[in-house]
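Here the structure comes first, spelled out in structure tokens, and everything after it is commentary.
The values are calculated or read from the model by the stated rules, or taken from the named source; none is laboratory data. Predicted, not measured: the structure shown is a model, and the values here were computed from it. Virtual Cβ from ideal backbone geometry, glycine too; neighbours counted across all protein chains shown. Side chains are part of the model used for accessible areas, which takes the heavy atoms of the whole protein and leaves out ligands, DNA and RNA. Shrake-Rupley method; radii C 1.70, N 1.55, O 1.52, S 1.80 Å.
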Amino acid sequence: YRDTFYEQLLKKRAGPHGERLRREREAMRQAFGGARRDLNAYLARHRAAQVQQRHLALIYAQMGYGEAGREEAARIPAVSVRMLSEVLGRLESGRLGAERGDLRAAAARLPEVEDLLHRGVACGAFADPWNILGFQGLFPLSPAREDSTPDARLNELVQVMEQVFQLYARLSSEAAAAGDDELARSLAEGMERLAAWWDPFATVEVSEVRRVHG
């Protein structure tokens with residue numbers, strides 16, 4: 001369809017411009033070959049720059065430099081990077097709070113993380129976790145399974161969920177050891193709610209996906 005479209009468009013070009021484009025087609029063996037090559041090169045450079053920017057934003061977030069992570073993520077139009085940066089920054093803040101013994105402040109980060117996760121799934125910033133079970137953790141390029149590729153977005157989501165459960169578990173044990181029964185009970189209830197939402201997506205049943213069971 002694409003090549004047919006370009007051929008039809010080329011037939012409409014007349015005069016010196018049309019002649020030049022037809023000579024270019026003969027030389028490059030495809031209609032509008034020069035423009036398509038330049039566009040592909042631009043998109044490749046743009047994609048490479050975004051990948052680097054995304055990696056830098058997430059590194060800052062994972063180090064606990066939330067503001068720096070936000071600043072770097074804001075340079076990328078994709079909302080998925082900004083939301084993932086916010087999630088990772090809050091998780092790291094929670095881990096730092098646990099190390100300092102500020103358990104209640106650390107626990108306050110967990111509802112914020114869950115809210116971001118649910119909003120991200122709802123708006124499409126994160127992968128739909130039902131795709132784990134529905135597509136076996138793959139991204140279908142066509143109805144044929146052999147044309148599918150591993151969905152890196154799902155692996156990323158599963159790793160984030162694993163970190164959330166680990167932070168829940170750590171804070172729960174720290175609260176119990178400190179004798180804060182109220183906080184320990186609240187964390188246990190929160191973990192149960194999160195597990196009830198997450199476990200139906202069946203990461204334990206799909207071999208292509210990392211096993212994370214609430």
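Answer yes if at least one residue in the stretch 22-39 is on the phi < 0 side of the Ramachandran plot and under 21 Å from the mean Cα position of the chain (by Cα), and no otherwise. Give the derivation first.
Step one: filter the stretch 22-39 for residues on the phi < 0 side of the Ramachandran plot, giving 22-28, 30-31, 33-39.
Next, from what is left, pick out any that are under 21 Å from the mean Cα position of the chain (by Cα): none.
No, the stretch 22-39 contains no residue that is on the phi < 0 side of the Ramachandran plot and under 21 Å from the mean Cα position of the chain (by Cα).
Among the numbered criteria (1) touching a helix residue (DSSP H, G or I) at 6+ places or on another chain (Cβ under 8 Å); (2) open to solvent by less than 60 Å² (accessible area, probe 1.4 Å), which single criterion is violated by Ser142?
Here Ser142 meets the rest and fails (1).
Residues that are in contact (Cβ under 8 Å) with a residue 40 or more places away in the chain and touching a Ser or Thr at 6+ places or on another chain (Cβ under 6 Å): does the stretch 189-203 have at least one?
No, every residue in the stretch 189-203 fails to be in contact (Cβ under 8 Å) with a residue 40 or more places away in the chain and touching a Ser or Thr at 6+ places or on another chain (Cβ under 6 Å).
Quick one: count up the residues across the stretch 1-48 that are of a type in the set (D, E, K, R) and assigned to a loop (DSSP other than H, G, I, E, B). Talk me through it step by step, then tell me what you get.
Looking only at the stretch 1-48, we keep the residues that are of a type in the set (D, E, K, R), and these are 2-3, 7, 11-13, 19-20, 22-26, 29, 36-38, 45, 47.
Still in the running and assigned to a loop (DSSP other than H, G, I, E, B): 12-13, 29.
Summing the residues that are of a type in the set (D, E, K, R) and assigned to a loop (DSSP other than H, G, I, E, B) in the stretch 1-48 gives 3.
Across the stretch 164-191, what is the number of residues that are of a type in the set (A, V, I, L, M), surrounded by fewer than 19 Cβ atoms within 10 Å (Cβ to Cβ) and farther than 23 Å from Leu116 by Cα?
3
Just checking, which of Asp199, Asp147, Asp151 is under 24 Å from the mean Cα position of the chain (by Cα), surrounded by 18 or more Cβ atoms within 10 Å (Cβ to Cβ), more than 15 Å from Met83 (Cα to Cα) and not β-branched (Val, Ile, Thr)? If you could, list the steps in order and put the result at the bottom.
Details: Asp199 fails: surrounded by 18 or more Cβ atoms within 10 Å (Cβ to Cβ); Asp147 fails: surrounded by 18 or more Cβ atoms within 10 Å (Cβ to Cβ).
Every option except Asp151 fails the conditions.
I want to confirm something. Restricting to the stretch 54-87 and keeping residues that are free of Cβ contacts under 8 Å to residues at least 24 places away in the same chain and open to solvent by less than 40 Å² (accessible area, probe 1.4 Å), which single residue is nearest to Gly124 (Cα to Cα)?
Ala73
Inside the stretch 160-214, can you point out the residues that are closer than 16 Å to Gly94 by Cβ, outside any loop (DSSP other than H, G, I, E, B) and of a type outside the set (A, V, I, L, M, F, W, C)?
Across the stretch 160-214, the qualifying residues are Glu162, Gln163, Gln166, Tyr168, Arg170, Ser172, Ser173, Glu174, Ser186, Gly190.
Within the stretch 103-119, can one find any residue that is within 13 Å of the chain's Cα centre (by Cα), open to solvent by less than 60 Å² (accessible area, probe 1.4 Å) and among the acidic types (Asp, Glu)?
no
Going through the stretch 130-157 one residue at a time, which ones are in a loop (DSSP other than H, G, I, E, B), in contact (Cβ under 8 Å) with a residue 60 or more places away in the chain and out of contact with any Pro (no Cβ under 9 Å at 6 or more places or on another chain)?
Within the stretch 130-157, just Gln136 meets the criteria.
Only one of these is open to solvent by 20 Å² or more (accessible area, probe 1.4 Å) and either acidic (Asp, Glu) or over 27 Å from Val51 (Cα atoms) (or both): Gly97, Gly134. Name it. Before the answer, list the steps.
Numbers: Gly97 fails: open to solvent by 20 Å² or more (accessible area, probe 1.4 Å).
Going through Gly97, Gly134 in turn, the sole match is Gly134.
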